[in-house]
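Asks: My structure is below; once you've seen it, I'll send some questions.
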Amino acid sequence: MRTEIRFAGVGGQGNILAGEWLALAAHTMGRHAVQSPTYTAQVRGGPTSVDVLFDENEIVFPRLVAVDFFLCLAQRGWDVFAMQLKPDGIVVIDPHLVKKISSGPQKVWQIPVVSITKAAVGKMVYTSAVALGCFCQLLRVIPREVMIKTIEENAPAGTVENNLKAFNAGWDAAAAITPVPREQLAKEMAAAEEAAKEHD
């Protein structure tokens, strides 16, 4: 089955690494997988994304056309990369960092990925592992044990324990969140923005 994933945010958040590990995990399961990072001219702090595609069959067209899972950690990342989402796709945003979204048919999980990373391990370099924990919990296409093994085998020396802590924190957080309809959330965010303008 063809599965399309996109992690988006800004440079320095670890989205590219999350995509690399996800593709490696898919390869471990015997699937064909490709990952394509996108950088802007402003690498650190500029919008970035990584698209990951895996399939049991050979991948002839390596571009995303119907995204099954979209995780976004920055407003600029949303503005640039929130497209080609499947109507029933899973959308995850960090509500502290994405304050305005467009309407759509999907459900949205509001998971404070960056705050979870800080609380779990105290260093932002582990954001990618939290994101992968959220992914594995919500879209059950890569078994948890496969992702853990991939992290253990590919994390830099001395970082495995913290990466696994971060992964498990993301896994647990995603399980505890109740999604809301994207259309409803978009209206709530727009109303909050208007209220803030009036207050100013």
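Values in this text are rule-based calculations from the coordinates and carry no lab data. Everything quoted here is computed from the prediction, not taken from an experiment. No Cβ is skipped: glycine too gets one built from the backbone with ideal geometry, and neighbour counts run over all protein chains shown.
Asks: Just how large is the dipole of the range 1-78 about the Cα centre, in debye to the nearest 20, putting +1 at every Lys and Arg Cβ and -1 at every Asp and Glu Cβ?
Replies: Result for the range 1-78 is approximately 320 debye, rounded to the nearest 20.
Asks: Let me ask you something else. Can you tell which of Val80, Ala175, Thr3 lies farthest toward the positive end of the dipole of the chain, using +1 and -1 charges on the Cβ of basic and acidic side chains (Lys, Arg; Asp, Glu)?
Replies: Comparing the listed Cα positions along the dipole, Val80 ranks first.
Asks: Under the rule a/c < 1.5 gives rounded, and otherwise a/b versus b/c splits prolate from oblate, where does the range 72-156 land using the Cα gyration tensor?
Replies: Here the range 72-156 falls in the oblate category.
Asks: Just to be sure I understand, if you calculate Kirkwood radius over Cα pairs in Å for this structure, which of (i) 19.4; (ii) 20.6; (iii) 16.9 do you get?
Replies: So the calculated entry is the one marked (iii).
Asks: Would you tally the net charge around Glu4, using a Cβ to Cβ cut-off of less than 12 Å, leaving Glu4 out, and scoring K and R as +1, D and E as -1?
Replies: Residues near Glu4 contribute +1 overall.
Asks: Next up: With the cut-off at 1.5 for a/c, could you classify the range 1-108 from its C-alpha gyration tensor as rounded, prolate or oblate?
Replies: Here the range 1-108 falls in the oblate category.
Asks: For a footprinting-style exposure proxy, rank Leu139, Leu73 by other Cβ within 10 Å, fewest first.
Replies: The fewest-first ordering by Cβ neighbours comes to Leu139, Leu73.
Asks: Within 10 Å, at most 15 other Cβ atoms, and a DSSP state outside H, G, I, E, B define an exposed site. Report the longest part of the chain free of exposed GluC sites (Glu not before Pro).
Replies: 59-200
Asks: Work from the charge dipole of the range 3-199 (Cβ charges, +1 for Lys and Arg, -1 for Asp and Glu, about the Cα centre) and give the residue of Ala192, Gly46, Asn15 farthest towards its positive end.
Replies: So the residue furthest toward the plus end is Ala192.
Asks: Right, something else. Taking the Cα centre of the chain as origin and charging only Cβ (+1 Lys, Arg; -1 Asp, Glu), how large is the dipole, in debye to the nearest 20?
Replies: Value, rounded to 20: 160 debye.
Asks: Output wanted: per-residue J couplings in Hz (rounded whole) for the range 75-80, from phi through Karplus 6.51 cos²θ - 1.76 cosθ + 1.60, θ = phi - 60°, x for Gly and Pro.
Replies: Calculated HN-Hα couplings, in order: 4, 5, x, 5, 4, 8 Hz.
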